[in-house]
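A.B. asks: Dropping the structure in here first, questions after.
The values are calculated or read from the model by the stated rules, or taken from the named source; none is laboratory data. Just so you know, these numbers come straight off a predicted model, no measurement behind them. Methodologically, a virtual Cβ is constructed for each residue, glycine included, from the backbone with ideal geometry; neighbour enumeration extends over all protein chains shown.
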């Protein structure tokens with residue numbers, strides 16, 4: 001029996017290789033064609049997650065609200081006031097915490113997008129990017145009622161609506177690009193190294209304290225060396241939250257650097273995340 | 001093998017590895033943390049399988065548990081990247097597996113929608129086929145319950161019904177005929193035969209020699225990750241039976 005050259009045979013018959021990674025434009029086009037899968041999955045996940053609770057969908061806002069109440073108690077009542085001189089504390093805290101939740105949830109759920117859906121990845125073939133995309137879409141769905149509740153709280157505590165509120169959606173679009181990029185990078189890293197899952201909660205906690213949710217970074221670091229403030233302001237999450245606070249609350253600091261960091265981080269993370277995730281497309285679900 | 005019909009699937013010297021976590025004796029060959037994860041063992045599931053499949057053939061795949069049949073199916077469907085070798089196919093092969101898990105927390109109805117979308121249908125296509133899918137599965141009264149409340153047979157029937165709702169050119173069926181009761185099995189076998197007439201090529205993995213003999217024109221016998229025999233159903237099946 002002679003050795004058959006199978007690869008040549010396939011070439012002659014014009015058969016493409018199965019499971020080969022598509023070029024990026026074709027990949028993104030298929031992603032777009034299948035976007036309904038991501039949105040439906042996000043919606044159903046929220047429903048399924050809450051269906052067994054008596055209060056159902058209310059938990060989407062109740063949970064971050066109660067968490068901010070805990071932080072409000074600790075940092076607003078127990079800690080000295082000098083860390084947040086002159087802030088209208090409750091709107092300041094709730095704005096920061098809600099926006100930070102959007103980031104931290106995208107990061108956490110994004111990291112679990114592939115490893116938490118192994119059976120789905122192993123049984124059906126679709127662009128894997130749909131899973132982290134769906135994780136971020138889910139957070140967007142949850143953000144909408146949170147923003148409505150936030151508006152009620154702001155008005156209740158004397159921060160009245162102004163034209164500047166209209167800037168919030170633009171900042172949120174930038175932040176969504178950033179979150180999506182972070183989710184994609186985290187999703188791939190967890191596939192390579194499961195240990196990343198252990199580090200993510202710690203990283204999230206660290207970022208939360210470095211972002212200044214319940215104290216003002218600017219005031220806490222006022223008597224520290226200059227470079228510490230520079231580093232703090234290079235943190236994109238800090239800048240997104242600062243911009244939103246600037247738009248929603250009165251007397252908030254504003255620097256050009258915040259805008260620059262926000263825009264640059266959004267663009268860089270968005271494209272880098274897509275590229276980074278796509279290059280490993282064939283690996284997902286393999287081990 | 002006739003040269004007249006077109007090849008639809010070419011499998012070229014396919015090797016597949018799995019990385020798994022092992023403990024006890026298997027984990028004893030410890031390596032440094034940075035070099036490689038400790039306790040990870042590589043399982044060589046397929047060791048160089050090659051064959052060519054032509055249009056209109058229906059291929060039975062047999063072998064003992066753990067011989068690599070399901071791995072072969074998954075890699076033909078493009079769900080595993082080969083360690084070496086490659087699979088070529090005329091169009092993207094679709095895998096119908098009873099293991100194709102959907103999401104247990106969601107109702108059957110939601111899973112019909114998700115499964116359909118994951119197969120590449122549009123939402124309106126899924127809507128229009130929803131009734132057919134539910135009727136075929138025969139579990140209409142439970143369709144609003146979460147899937148984790150289903151018995152394994154019910155869940156497998158629903159998954160199977162979702163998967164076959166779409167026409168495929170190359171179809172891979174993994175033990176699907178073994179699920180469900182007698183009526184459902186008869187219904188699925190009929191559906192598979194229909195699909196084979198539309199589809200160019202069908203692969204069927206089964207432990208039931210009767211359904212292999214009934215539906216296949218050629219049989220592959222996979223043993224310990226290698227292709228042990230390839231040929232006429234009668235010959236291969238009788239050789240396989242003798243080996244036990």
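A.B. asks: State yes or no: is residue A:194 in a loop (DSSP other than H, G, I, E, B) and farther than 23 Å from residue A:94 by Cβ?
C.D. replies: Answer is yes for this residue.
A.B. asks: Pull up segment B:135-152, narrow it to residues that are surrounded by fewer than 19 Cβ atoms within 10 Å (Cβ to Cβ), part of a helix (DSSP H, G or I) and under 24 Å from the mean Cα position of the chain (by Cα), then point me to the one that is modelled with the highest pLDDT.
C.D. replies: B:135
A.B. asks: Let me ask another. Can residue A:213 be described as assigned to a helix (DSSP H, G or I) and either away from chain B (no Cβ under 14 Å) or farther than 30 Å from residue A:20 by Cα (or both)?
C.D. replies: When the stated conditions are applied, residue A:213 does not pass them.
A.B. asks: Determine if segment B:131-143 includes at least one residue that is facing chain A (nearest Cβ under 10 Å) and touching a helix residue (DSSP H, G or I) at 6+ places or on another chain (Cβ under 6 Å).
C.D. replies: Among the residues of segment B:131-143, not one is facing chain A (nearest Cβ under 10 Å) and touching a helix residue (DSSP H, G or I) at 6+ places or on another chain (Cβ under 6 Å), which makes the answer no.
A.B. asks: Mind checking which residues of segment B:223-241 are in a helix (DSSP H, G or I) and surrounded by 17 or more Cβ atoms within 10 Å (Cβ to Cβ)?
C.D. replies: Of everything in segment B:223-241, those that are in a helix (DSSP H, G or I) and surrounded by 17 or more Cβ atoms within 10 Å (Cβ to Cβ) turn out to be B:233, B:236, B:237, B:240.
A.B. asks: In addition: Determine which member of the set A:234, A:206, A:248, A:221 is loosely packed, with under 14 Cβ neighbours inside 10 Å and closer than 24 Å to residue A:68 by Cα.
C.D. replies: Result: A:206 is the single residue among A:234, A:206, A:248, A:221 that is loosely packed, with under 14 Cβ neighbours inside 10 Å and closer than 24 Å to residue A:68 by Cα.
A.B. asks: Just give me the residues in segment A:35-51 being without any contact (Cβ under 8 Å) to a residue 12 or more places away in the chain and either within 9 Å of chain B (Cβ to nearest Cβ) or farther than 28 Å from residue B:115 by Cα (or both), in sequence order.
C.D. replies: A:36, A:40, A:44, A:47, A:48, A:49, A:51
A.B. asks: OK, next. Would you check if residue A:9 is in contact with a strand residue (DSSP E or B) (Cβ under 8 Å, 6 or more places away or on another chain), within 13 Å of chain B (Cβ to nearest Cβ) and surrounded by 15 or more Cβ atoms within 10 Å (Cβ to Cβ)?
C.D. replies: yes
A.B. asks: Tally up the residues in segment B:87-110 that are crowded, with 20+ Cβ neighbours inside 10 Å and facing chain A (nearest Cβ under 9 Å), please.
C.D. replies: Residues meeting the conditions: 14.
A.B. asks: For residue A:119, state whether it is modelled with pLDDT under 75 and either over 25 Å from residue A:147 (Cα atoms) or within 14 Å of chain B (Cβ to nearest Cβ) (or both).
C.D. replies: yes
A.B. asks: Given the residues B:68, B:60, which is the only one that is more than 10 Å from chain A (Cβ to nearest Cβ), touching a strand residue (DSSP E or B) at 6+ places or on another chain (Cβ under 9 Å), crowded, with 23+ Cβ neighbours inside 10 Å and modelled with pLDDT under 85?
C.D. replies: B:68
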